[in-house]
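Engineer: Quick one: the structure is below, and I'll ask about it shortly.
The values are calculated or read from the model by the stated rules, or taken from the named source; none is laboratory data. Note that the structure is predicted; figures quoted are calculated from it, not measured. Quick reminder, even Gly has a Cβ in these numbers, built from the backbone with ideal geometry, and neighbours come from all protein chains shown. Heavy atoms of the whole protein, side chains included, go into the accessibility calculation; ligands, DNA and RNA do not. Shrake-Rupley method; radii C 1.70, N 1.55, O 1.52, S 1.80 Å.
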Amino acid sequence: RVRCYRDTPPRARVMVLEATILCLDNSEHVRNSDYAPSRLQAEADAVNLLAGAKTQSNPENAVGVLSLAGKTPRVLTTPTQDLGAVLNSVHGVKIEGEINVCVGVQVAHLALKHRQNKHQRMRIVLFVGSPLKDEIEALRAVGKKLRKCNVAVDVVSFGDVEANREKLDAFVTSVNKNNNSNLVVVEPGANLSDVLCGTAIFNQDGAASGSGFAAAAAAAQSQAAMQGLEGMGDMGDMGDDPALMMALRISLEEERARQEAAAAAGASAPAAAEEGVAASEGAGSADTSPVDATADPMMLDDDALLQQALALSMGQRPSAEIADAATATAEDDDDAELRAALAMSLRDHTDRADRDDADA
């Protein structure tokens, strides 16, 4: 039996398959510091975040990088799924010349036409941070051509916002088809990355979607890993983070305590060695003293030597006492033999006298 529910589940989020070219403004005007720390650095951070958002939204998305300024617009990275290659190309952008939007957009379109996966939709993200030299009619003509080729264009205007407003509005209006193109204006002093995170450029499903922020965090982590310690000088005062300061303080105290303990152990080791030597010498002298007081073993009989060995093994009487006892025992034996000899001689003399009297 199949049960039917009146409340239908929410529609699954559609993963857009796109190939995107990020066009950077690397002209001389991006040296200005009205966007912290500079226009170029703020633009590079936003590009890194956007590249991470595109690759995280769909694993099959491809992202490329193009520089607008210089002698001619140049493709730094063709559309690829390798986020590391995109970050490296953005990190190596050099400031030179002025931008040429019309030529740059057409070069980006040519790079998108040669994408590997023809099922990917084509999109161009244009960062404009310097005054435009192109005419409005030229921009409209390029916009109509891109619209005919089903190419979506997102424009991020920062820096000279008022000077470029009319031209960029005309360009976006001519290229827009079914609301697939967007124009975002970032006023001076604002954070470029924070503003873009809440726009449709990051979140194709609407600003309420949270996937853009996760992708932005992943891209920021990749950028920090790529740059290494180059950005340590821009981290600011570490006193702003109490937890970090507490961890550093505890680590320093533990290291200091470990060093003091090692120094104390090193100082006590020679003293312990000297005490050990002295104890061994004292033990040696204690062991040899009874031997010096002991009588010559050649002067003792077997019983005395056996008693001395038993006494030494059991720790009873010292060897000197055993030697004295053995000597006394030997003297007693000599006295007994002497008395026996005297008694025998007296007995013989008495018997001889008695025989003489009997003969008389």
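Engineer: With the structure loaded, tell me whether GLU96 is exposed (fewer than 15 other Cβ atoms within 10 Å of the Cβ) and in contact (Cβ under 8 Å) with a residue 60 or more places away in the chain or whether it fails that test.
Structural biologist: yes
Engineer: Looking only at segment 203-214, decide whether some residue is assigned to a helix (DSSP H, G or I), modelled with pLDDT under 90 and among the aromatic types (Phe, Trp, Tyr).
Structural biologist: Checked segment 203-214: at least one residue is assigned to a helix (DSSP H, G or I), modelled with pLDDT under 90 and among the aromatic types (Phe, Trp, Tyr).
Engineer: Here is a further query. Please verify whether ALA51 is within 28 Å of SER130 (Cα to Cα) and modelled with pLDDT under 90, treating the condition exactly as stated.
Structural biologist: Spelling it out, it is not the case that ALA51 is within 28 Å of SER130 (Cα to Cα) and modelled with pLDDT under 90.
Engineer: Being assigned to a helix (DSSP H, G or I) and open to solvent by less than 70 Å² (accessible area, probe 1.4 Å) is the filter here, so list the residues in segment 164-183 that pass it.
Structural biologist: Listed by number, the residues that qualify are ASN164, LYS167, LEU168, ASP169, ALA170, PHE171, VAL172, SER174, VAL175.
This table checks each residue for (1) assigned to a loop (DSSP other than H, G, I, E, B); (2) modelled with pLDDT of 95 or more.
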{"residue": "THR72", "(1), (2)": "yes, no"}
{"residue": "ALA85", "(1), (2)": "no, no"}
{"residue": "LYS94", "(1), (2)": "yes, no"}
{"residue": "GLY97", "(1), (2)": "yes, no"}
{"residue": "LYS118", "(1), (2)": "yes, no"}
{"residue": "MET122", "(1), (2)": "no, yes"}
{"residue": "ALA141", "(1), (2)": "no, yes"}
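Engineer: So, of the residues in segment 121-153 that are over 19 Å from GLY97 (Cβ atoms) and basic (Lys, Arg), which turns out to be most open to solvent (accessible area, probe 1.4 Å)?
Structural biologist: Of everything passing the filter in segment 121-153, LYS148 is most open to solvent (accessible area, probe 1.4 Å).
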